[in-house]
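For reference, the structure discussed in these notes is given below.
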């Protein structure tokens, strides 16, 4: 009997532990994203809220990659640009569905170095939405962003990277279940 009670106690504690771990995942994820800059969340003020826009020039590098199995063409119109802190900037990205079927994609951003992510504010971004393209269709979508004038002095350049994912199957499954 005591071995059954021990087993039940261990199973109960394991269940409670898993439940608590599930609740802890969100704050752990937020801390991880804050440290690494992998979340791409839009936080902070928009460009119109800066009183002193500063005059510091920062080099921004833009990279794009496709997740495995994503056949689309995806690229920025420039690989880098110099911007002034506090000023709104515009960049364009091209998406082309190179397949013979309609597809849905989602771009996930990341900023490097990680401690610079909180100073890179996207005010308009295709990453906020899913992109649906018909076979052979191509679109150019703008990215509007501003670099916070409070960017630490030891950061002279930032890199904004996007990874494009095929979410067609996931979206079709969602629509079929509704």
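Coordinate-derived values only; no laboratory data. What you see is a predicted model; the values in this text were computed from it and never measured. Reconstructed Cβ throughout: ideal geometry from the backbone, glycine too, with neighbour counts over all protein chains shown.
Some points to look at:
- Take 116-123, 76-83 and order them by the average number of nearby Cβ atoms within 10 Å per residue, most first; the result is 116-123, 76-83.
- Computed lengthening from residue 130 to residue 115, 0.36 nm per intervening residue step minus Cα-Cα distance: 2.7 nm
- From the alpha carbon centroid of the range 73-102 to that of the range 113-171 is 9 Å.
- Remark: 87, 57 ranked as 57, 87, counting other beta-carbon atoms within 10 Å and listing the fewest first.
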